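The values are calculated or read from the model by the stated rules, or taken from the named source; none is laboratory data. Remember, it's a predicted structure, so these values are computed and weren't measured experimentally. Ideal geometry is used to build each Cβ from the backbone, glycine not excepted, and the neighbour counts take in all protein chains shown.
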Amino acid sequence: MATNEEKHCQAAWWTCIVEPEDLHAAALRATLGEEEAIRWACTSRPGPLPDTLRALSSQWSQMHERWRARIEVCEVARELDSVRELGGKFLIAEDPDWPALLTDLGERAPIGIWLLGTMPTERTVALVGARAATLAGSRAAMDIAAHLGEEGVTVVSGGAFGIDIAAHRGALAVNGHTVAVMAGGLEQPYPKAHIEDFQRIVSSGGALLSECPPSWRPAKWRFLSRNRLIAGLSRATVVVEAGARSGALATARRAMEMGRPLGAVPGPVTSASSSGCHELIRNGAILVRDGRDVHELAFPFESLEQGALFGEPVEEDRGVAALPPITRRVYEALPKVSKTTLPRLTRASGMSEREVIAALAELELCGLVVSSTRGWGRRY
């Protein structure tokens, strides 16, 4: 039986051989076991496989050929030394600080995680959006992240330009924790323009993490795979601003596939920068306006106070607006300038004469009406 160190080395080896979210590798390891799967991958020619695997795919020879190219140059010891030199570590599912939320990814869960900093708790929310963000979108991301940070919620995003970095900076501004999920290795976090932000994330109790070995460079296809980790690490995902073709929508889809809460911040209906958010809302995402809405979305049992209902005033009524319904109706039935008689007021208000007389008495006590030989009228 493999020791804990051997399990880490085996998992790290696989991350050096296969691309993130490789379902063939996941099936092979689950069926054959770690050691036998490695032996099969390292043979010069693909050996026989159980019927269950052959029924799963007809591409095993092709996958074997792909993996062989990397096996010949794999330096897993160098990658493990590199992450230790950076002050980080490599995690596998058996480790106590492995994020349990990733279990919902099933066979798409990462083989392991290369980590700098502190792995977040389960109080996490993903804030994602467009790289070409507007000023309003970036400000919304910062405000929401700052609110979550003050509530002790870790903000998860991708470290990219636009909404991502605005979310990270919003959390950092209130000394909150935030996690950046990289699409490449940790030796050269991408983008380089955010290196200082990444350093602050780690030093403030957050983390940089990747499922790619430290020496790997980011690649376009890895960004899409990375999105499932952002959603998987988070109790809820919120798209702050996104156009119709934004990569942030892929993160939203991942969250929906896992049954996690999904929110979107609306923008002007004519704004192309928010068209993706509007489409998400039309298809079931929860409309969120600020950090309070996001907190309620992710942790509904922590927000049990009943808010204002539709049409219910959000401020205390004063003056005429504070009058009882019948009294207010009688007052509003009075002419604004001239006087009127009791019969006319009764007909105008639709109340009985007794109700009108009682209302007039109350209005007179409040100093809102006056009477004369010509009838009743408003004082002001």
Write out, first by first residue and then by second, each pair whose Cβ atoms fall under 6 Å of each other, whose residues are 6+ apart or on separate chains, and whose first residue, in the range 123-142, is among the polar types (S, T, N, Q) while the second is at pLDDT 95 or above and assigned to a strand (DSSP E or B).
THR124/THR154; THR124/VAL156
LEU49 being surrounded by 16 or more Cβ atoms within 10 Å (Cβ to Cβ), assigned to a loop (DSSP other than H, G, I, E, B) and not aromatic (Phe, Trp, Tyr)
yes
Sort out which residues of the range 1-35 are closer than 14 Å to THR52 by Cβ and out of contact with any Leu (no Cβ under 9 Å at 6 or more places or on another chain), and write them in order of number.
ALA26, ARG29, ALA30, GLY33
Meets criteria (among the aliphatic types (A, V, I, L, M) and in a helix (DSSP H, G or I)) for ALA2
no
Filtering the range 93-102 down to residues that are surrounded by 12 or more Cβ atoms within 10 Å (Cβ to Cβ) and free of Cβ contacts under 8 Å to residues at least 40 places away in the same chain, which residue is farthest from the chain's Cα centre (by Cα)?
ASP95
Tally up the residues in the range 365-377 that are over 11 Å from VAL330 (Cβ atoms) and not in a loop (DSSP other than H, G, I, E, B), please.
6
Could you tell me which of the residues GLY263, GLY284 is of a type outside the set (Ser, Thr, Tyr), at positive phi and either within 17 Å of the chain's Cα centre (by Cα) or at pLDDT below 95 (or both)?
GLY284
Would you check which residues across the range 344-380 are free of Cβ contacts under 8 Å to residues at least 12 places away in the same chain and among the polar types (S, T, N, Q) and list them?
THR346, SER352, SER371, THR373
Give the residues of the range 75-84 that are at pLDDT 95 or above and of a type in the set (D, E, K, R), sorted by residue number.
ARG78, GLU79, ASP81, ARG84
Collect the residues in the range 234-247 that are under 10 Å from the mean Cα position of the chain (by Cα) and either assigned to a strand (DSSP E or B) or not charged (D, E, K, R) (or both), keeping them in residue-number order.
SER234, ALA236, THR237, VAL238, VAL239, VAL240
State all residues of the range 330-343 that are touching a residue at least 24 places away in the same chain (Cβ under 8 Å) and surrounded by 11 or more Cβ atoms within 10 Å (Cβ to Cβ); if no residue qualifies, say none.
VAL330, TYR331, LEU334, PRO335, LYS339, THR340, THR341, LEU342
Within the range 329-354, which residues are charged (D, E, K, R) and under 21 Å from GLY319 (Cβ atoms)?
ARG329, GLU332, LYS336
Assess whether ARG84 counts as being basic (Lys, Arg) and under 30 Å from THR43 (Cβ atoms).
no
Quick one: in the range 37-46, which of the residues that are more than 39 Å from the chain's Cα centre (by Cα) and part of a helix (DSSP H, G or I) is surrounded by the fewest Cβ atoms within 10 Å (Cβ to Cβ)?
ARG39
